[in-house]
Amino acid sequence: MATAISNTFASPAYNTTATEPPVGAAEPSAPRTLPTNSKAMGRDEFLKMLVAQLKNQDPLNPMDGKDMAAQLAQFSTVEQLIAMNKTLEGQSSRDGEIIEAITKLEETQSSRADDLAQLIEGQMAMATVGKTGVTLGNNAFVDRDGNGTLVVDTGARTGSARVTVTDSSGNVVGTANVPVTKAGQQSFELGELFTEPKLAPGKYTYKFEVATDGGQFQAVKTYTAGRITGMKYENGNPILIIGDSLTVPMSQLTQIRA
């Protein structure tokens, strides 16, 4: 008896039924983080990399010596700049101290220079004692022998001139005529102008006049000349004593005569 064989199909192992695509935007993937090197390349790392490059280079196409020298020079320059930057950073913190020290040094040198200048000026002033000092003015000093010096500047004028001498009370004590034979600054001796009688010792004022072409007398520039008899200090500055009482700062002298 024949047995009926029925063919049965098992359900497939995989679900071949199409599925619907997911609804909504896909979630973004997490960003990739690259490894970071916390240590900058230094001399040793650079040399190791260079040696590895030389070992693994193509023997048929080796590295150009010029390129290698250029790389070494660039690395050396950068390394020097880094060292210089560190040095400058260390020095910048000391700038304030250096500036303060320089300022104090300048103040000290300036003070010492002023003291030295006063000392030199004082020594020079002492060296003038006993000599004749000339400064602007119209004073005349007569010694016990009736001698004294007049210093005048007649400019371009020459010809006849006259000297009028007055005492401290304003009284005229003598008048003398004198020829002016040359122009410019010149001196005259009172002992030769006033012989009989001679002027008494003391301090006088004078006027020196030169006649013009029309015969009119005009005053000319006069100076005070007298023997420097001493020196003193006022506010640290040397003051010269001319005659018995006239005091003149050394800076106001126009001439010093023997």
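Of all residues in the stretch 76-99, none that is more than 17 Å from Glu45 (Cβ to Cβ) and open to solvent by 70 Å² or more (accessible area, probe 1.4 Å) has its Cβ atom under 8 Å from the Cβ atom of a residue that is of a type in the set (Ser, Thr, Tyr) and at pLDDT 70 or above, 6 or more apart or on another chain. Of the residues Ala140, Ala113, the single one that is open to solvent by less than 10 Å² (accessible area, probe 1.4 Å) and either at pLDDT below 90 or closer than 21 Å to Lys203 by Cβ (or both) is Ala140.
Does Lys207 satisfy being open to solvent by 50 Å² or more (accessible area, probe 1.4 Å), modelled with pLDDT of 90 or more, of a type in the set (D, E, K, R) and in contact with a strand residue (DSSP E or B) (Cβ under 8 Å, 6 or more places away or on another chain)? Against the criterion (open to solvent by 50 Å² or more (accessible area, probe 1.4 Å), modelled with pLDDT of 90 or more, of a type in the set (D, E, K, R) and in contact with a strand residue (DSSP E or B) (Cβ under 8 Å, 6 or more places away or on another chain)), Lys207 qualifies. Listed by first and then second residue, the pairs linking a residue in the stretch 224-248 that is farther than 18 Å from Gly202 by Cα and open to solvent by 60 Å² or more (accessible area, probe 1.4 Å) to a residue that is hydroxyl-bearing (Ser, Thr, Tyr) and outside any loop (DSSP other than H, G, I, E, B), with Cβ atoms under 9 Å apart and 6 or more places separating them unless they lie on different chains, are Lys232/Thr247; Glu234/Thr247; Asn237/Ser251. Does Arg157 meet the test of being in contact with a Pro (Cβ under 7 Å, 6 or more places away or on another chain), in a loop (DSSP other than H, G, I, E, B), closer than 27 Å to Ile256 by Cβ and modelled with pLDDT of 85 or more? So Arg157 does not fit the description; no. When each of Ala211, Ala183, Ala176 is tested for being touching a helix residue (DSSP H, G or I) at 6+ places or on another chain (Cβ under 9 Å) and among the aliphatic types (A, V, I, L, M), the lone residue that passes is Ala176.
Among the residues of the stretch 224-258, write down those that are touching a Leu at 6+ places or on another chain (Cβ under 6 Å) and closer than 17 Å to Asn138 by Cα. Correct list: Ile228, Val248.
Among the residues in the stretch 149-172, are any among the polar types (S, T, N, Q), open to solvent by less than 70 Å² (accessible area, probe 1.4 Å), within 20 Å of Arg227 (Cβ to Cβ) and in contact (Cβ under 8 Å) with a residue 12 or more places away in the chain? Scanning the stretch 149-172, I find at least one residue that is among the polar types (S, T, N, Q), open to solvent by less than 70 Å² (accessible area, probe 1.4 Å), within 20 Å of Arg227 (Cβ to Cβ) and in contact (Cβ under 8 Å) with a residue 12 or more places away in the chain, so the answer is yes.
Residues are listed down the side, and each one gets a yes or a no for (1) among the charged types (D, E, K, R); (2) over 17 Å from Lys221 (Cβ atoms):
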site: Glu121; (1), (2): yes, yes
site: Gly130; (1), (2): no, yes
site: Gly146; (1), (2): no, yes
site: Asp153; (1), (2): yes, no
site: Gln185; (1), (2): no, no
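In the stretch 175-199, the residues that are more than 24 Å from Ala258 (Cβ to Cβ) and of a type in the set (Phe, Trp, Tyr) form no Cβ pair under 8 Å with any partner that is surrounded by 11 or more Cβ atoms within 10 Å (Cβ to Cβ) and at pLDDT below 90, whether six or more places apart or across chains.
The values are calculated or read from the model by the stated rules, or taken from the named source; none is laboratory data. Since the structure is predicted, the reported quantities are computational estimates derived from the model, not experimental observations. Cβ atoms come from the backbone with ideal geometry, glycine included; neighbour counts cover every protein chain shown. To get the accessible areas, we keep the full protein, side chains included, count just its heavy atoms, and leave off ligands, DNA and RNA. Shrake-Rupley method; radii C 1.70, N 1.55, O 1.52, S 1.80 Å.
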